[in-house]
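Let me begin by handing over the structure; questions about it come next.
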Amino acid sequence: MTPDPIKARLLDGQALAVLIQQQEIAPQVAAFVSRHGRPPGLAIVLVGENPASEVYVRNKLKSGAGVGFRADLERLPATATLQDVLALVDRLNRSPLYDGILVQSPLPKTLGADAAQRVYDSIAPEKDVDGFAPESVGRMVQNRPALVACTPSGIIELLVRERIPIAGRHAVVIGRSDIVGKPMAMLLLHRDATVTICHSKTPDLAAVCRQADILVAAVGRAGLVTKDFVKPGATVIDVGMNTLTDLAAVQRMYPDGHPRLARFREKGSLLVGDVHPEVADVAGALTPVPGGVGPLTITMLMVNTLRAAQTILSTPR
Ligand code: GUN
């Protein structure tokens, strides 16, 4: 009989997020309030009624209030025009109540293909807590002080605090989005990793991924990363947030009798990552979904908002 494989160490993003928010951010927010007489302010813009966005936005607002921010939701109906969104951002840019502005993506398709870019271009750079505006991206690429996209910076935070070495290691990033893949690759490069970026046209994806000491999956395809993608002992970071509603798809990831299959039958849907659960038998360390990268993304939003507030109030007008 073959012995059971050694299971990967689970990197608990939820626990780290609670620690950073409660022990590091909240006290700094309290100091900010006593110094400036008001809390850091975060405005979140939600256009339309995307169910996943509703959940993410609720979590961001809850964490914001939890660390002591003023965190407000600005809603626009799905019928809003691009001009409506730009007018709202303009009002928030000028408002002294808000230090951070986040426009939740995706925007409704009816706003047009270039809507996200137009909207992110319009956010005042000093309030760009998502790090999506061109000035923020440019500064980040040059490794200058910048507001950096929250998911990749949360992943770096996790790797550093879990003492996973980055310098000199080979990092492979699957996915080339502006929100995760590209900034992730750049941040790993700044920490002296050798970085490969893979995407839908990469031949023999599994073979490239097998070279990784650190493998980051950010493609949005449930269970894409299987055992054969992973070098034994590698660190695997799962950025996927895929909601499965099809039993056959869930069964491809979890065997009969698995508690997550029972959860699917109860709820009719299941949140899964891009990494197949079988990877736990090969990887050295692995982030779970949920409870891995997601809570750290929100934590970095808190870090960015506090930083934006400190910068805004220390800059003479
Ligand atoms: N949608 C998915 N992730 C994000 C994010 O980090 N920021 C915003 N604004 N929208 C998102």
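List the pairs whose first member sits in the range 138-152 and is under 11 Å from residue 301 (Cβ atoms), whose second member is within 16 Å of the ligand (Cβ to nearest atom) and among the hydroxyl-bearing types (Ser, Thr, Tyr), and whose Cβ atoms are under 6 Å apart, counting only residues at least 6 apart or on separate chains?
That search, which allows pairs on different chains as well, returns 147/136; 150/297; 151/297.
Considering only the range 54-63, I want to know if a residue exists there that is of a type in the set (Ser, Thr, Tyr) and more than 17 Å from the chain's Cα centre (by Cα).
Step one: of the range 54-63, the residues of a type in the set (Ser, Thr, Tyr) are 56, 63.
Narrowing the set further to residues that are more than 17 Å from the chain's Cα centre (by Cα) leaves none.
Taking every residue of the range 54-63 in turn, none turns out to be of a type in the set (Ser, Thr, Tyr) and more than 17 Å from the chain's Cα centre (by Cα).
Another question, then. Taking the condition of being surrounded by 13 or more Cβ atoms within 10 Å (Cβ to Cβ) and within 16 Å of the ligand (Cβ to nearest atom), how many residues in the range 16-51 meet it?
9
Among helices (runs of 4 or more DSSP H) lying entirely in the range 243-317, which contain 2 or more residues that are out of contact with any Cys (no Cβ under 9 Å at 6 or more places or on another chain) and among the hydroxyl-bearing types (Ser, Thr, Tyr)?
Details: elements: 247-253, 259-267, 293-314.
The qualifying helices (runs of 4 or more DSSP H) are 293-314.
Which condition number does residue 176 fail, the rest of (1) within 16 Å of the ligand (Cβ to nearest atom); (2) touching a residue at least 24 places away in the same chain (Cβ under 8 Å); (3) farther than 30 Å from residue 91 by Cα being met?
(2)
On the given criteria, is residue 219 β-branched (Val, Ile, Thr) and within 14 Å of the chain's Cα centre (by Cα)? Break it down stepwise before answering.
Working: β-branched (Val, Ile, Thr): yes; within 14 Å of the chain's Cα centre (by Cα): yes.
Criteria met by residue 219.
So, of the residues in the range 130-161 that are among the hydrophobic types (A, V, I, L, M, F, W, C) and more than 16 Å from the ligand (Cβ to nearest atom), which turns out to be surrounded by the fewest Cβ atoms within 10 Å (Cβ to Cβ)?
Filtering the range 130-161 for residues among the hydrophobic types (A, V, I, L, M, F, W, C) gives 132-133, 137, 140-141, 146-150, 155-156, 158-160.
With the extra rule that they be more than 16 Å from the ligand (Cβ to nearest atom), the set shrinks to 141, 159-160.
Details: 141: 14, 159: 24, 160: 12.
Filtering first and then ranking leaves 160.
Now, a different point. How many residues, within the range 99-126, are touching a Ser or Thr at 6+ places or on another chain (Cβ under 9 Å), touching a residue at least 24 places away in the same chain (Cβ under 8 Å) and away from the ligand (no atom under 15 Å from the Cβ)?
3
Pick from 84, 12, 72: which is under 30 Å from residue 236 (Cβ atoms), charged (D, E, K, R) and out of contact with any helix residue (DSSP H, G or I) (no Cβ under 6 Å at 6 or more places or on another chain)? Steps first, answer last, please.
Details: 84 fails: under 30 Å from residue 236 (Cβ atoms); 72 fails: under 30 Å from residue 236 (Cβ atoms).
Just one listed residue meets the conditions, 12.
For the range 40-61, give me the residue count where each residue is under 25 Å from residue 24 (Cα atoms), touching a Leu at 6+ places or on another chain (Cβ under 8 Å) and either in a helix (DSSP H, G or I) or among the charged types (D, E, K, R) (or both).
Matching residues across the range 40-61 total 3.
On to the next question. Can you confirm whether residue 236 is in a strand (DSSP E or B), in contact (Cβ under 8 Å) with a residue 40 or more places away in the chain and not hydroxyl-bearing (Ser, Thr, Tyr)? Full working, then the answer.
Numbers: in a strand (DSSP E or B): yes; in contact (Cβ under 8 Å) with a residue 40 or more places away in the chain: yes; not hydroxyl-bearing (Ser, Thr, Tyr): yes.
For residue 236, the condition - in a strand (DSSP E or B), in contact (Cβ under 8 Å) with a residue 40 or more places away in the chain and not hydroxyl-bearing (Ser, Thr, Tyr) - is met.
Each value in this text was obtained by applying a stated rule to the coordinates, not by laboratory testing. What you see is a predicted model; the values in this text were computed from it and never measured. Note that we place each Cβ from the backbone using ideal geometry, even for glycine, and neighbour counts take in every protein chain shown.
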